[in-house]
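Before any comments, here is the structure.
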Amino acid sequence: MDHIRDHISDFFRFMKKATTSVQTVDVIRERLEAAGFKELKISESWTLNALGKYYLTPYPAMLVAFTIGSDQFQEKSVKMIAAHTDSPGFRIKPNPEVNSERMLTLNVERYGGPILNTWFDRPLSIAGRIAVRSDEVLKPKVIHLDLQRPILIIPNLAIHMNREVNKGVEIKVQKEMQPLLTQLLDDEIKDNYFLELVAKEVGIDQEDILDMDLNVYCSEEGMLVGSKEEFISCPRLDDLSMVYAAMEALVGSKHKNGINMVAFMDNEEIGSMTRQGADSVMLSNVLERIRMGAAGGKQQAIRQTMNFFVISADCAHGLHPNYTEKSDITNKPVMNRGMAIKISCNRSYASEVDTIAAFQQLCDKAGAKYQKFVNHSDQPGGTTLGPLLTKYMPVHVVDVGVPILAMHSARELMGKQDFLDSIEIFRTFFQLDE
């Protein structure tokens, strides 16, 4: 029991720092380096050795890490877990200050598909990147910033002024989702209050700030809930719970043969069509760089592709007790009853009959339960990383995820046992020596 509680506590510590996709990659880097992983650079030559542990960050919000077995590449398998680092929320626009009777709010735009009403009346903070002047014109200095304290809030309108609020009222992002930053005093009424605040936070002159890519995030911490503490309530569970589980499994597993990998991609919530997203050639380019260190040439690479198995890990929809009609009538994953294998005949998920069966056997070997998820036939769902990965890599893929409730809410809910099982399943996966 103490081991379980320590694992959950560590996850909550991770989530406190993993506030945006950029900050998530930063905290993963810290953990990998503490575990002895060596950083590789895309712009440099690589020397890969048996039993080596490596990672690279081609872009600030994308990370690939891998370990090599003692037999290196010789016709052995490649096992990879893919997940995404981004979550729905809000991005601060340029020139963001809106002054209404000295109440200073920030102009934001929606990122992905957040459930808007869950963001009201919560402590919010800011994190992301800032570009500042440098001596090289095409290479400005980039600073990562996370305020790590609640400086924003989006207050609800009182029910007395919004009588229809409990009947379902449309929320306009431009008008109603501007977070309140501060109440200005007489001597604070000036332009660029927010810019000055950011400049002081990083210790530079505001004139040196050229651009900012800053996001609003829920600063509440994770906690166990339920009469038996059987649930995890936390912001950004989709998909950082799977990122954490994959990272822990890679660091904590040992293997003799082949290559174990994790690939953490950005921008899944907006379609993945970016250089750091799954709909990009970058990951396949990284894999080609790894293969360049292998003997055997093109034929060896083809054989290795056929032994390449990918788990695309993204949270699944669990059965909601108040909306059971929204789930499929025979395939309705319930929290704490096992990871969900995601299946779709229109290939919004990449699972195939053989990869589904393989994952079932993997769960059996790990001593963990599994369930199957299919969308309600009249309730189309979303897609995930799996189909995009097969677009660039013709490999074996299964789409899975821990079933959760309140997906895309400011706080999401998952089963504690499912989360713990996901780590064990992923660790078992990485320790398969074929």
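The values are calculated or read from the model by the stated rules, or taken from the named source; none is laboratory data. As the structure is a computational prediction, the values presented were derived from the model and not from experiment. Backbone-built Cβ (ideal geometry, glycine too); neighbour counts: all protein chains shown. Only protein heavy atoms, including side chains, enter the accessible area calculation; ligands, DNA and RNA are left aside. Shrake-Rupley method; radii C 1.70, N 1.55, O 1.52, S 1.80 Å.
Values as computed for the structure displayed
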quantity	calculated
Leu157 accessible area, 1.4 Å probe, all protein chains in place, Å² to nearest 10	90 Å²
Residues with amide H under 5 Å from that of Ile115, placed H, sequence gap 5 or more	Ser409, Ala410
For Met335, residues with placed amide H under 5 Å, excluding near neighbours	Leu319
Under 12 Å from Lys175, Cα to Cα: aspartates and glutamates that are on another chain or at least 8 residues apart	Glu109
Options [x] 19, 44, 16, 7, 6, 5, 3, 0; [y] 25, 55, 20, 1; [z] 22, 48, 26, 5, 0 - which one matches P(r) over Cα pairs in 20 Å bins from 0, in percent as calculated here	[y]
Degrees between helix 21-34 axis and first principal axis of the chain (Cα, 0 to 90, nearest 10)	50 degrees
Whole-Å semi-axes of segment 134-256's equivalent ellipsoid (Cα gyration tensor)	33, 31, 14
Helix 416-430 vs. the chain, principal-axis angle (Cα, 0 to 90°, nearest 10)	40 degrees
For Ile204, net neighbour charge (Lys/Arg +1, Asp/Glu -1) across residues whose Cβ lies under 12 Å away	-2
Angle in degrees between helix 193-202 and the longest Cα principal axis of the chain, rounded to the nearest 10	50 degrees
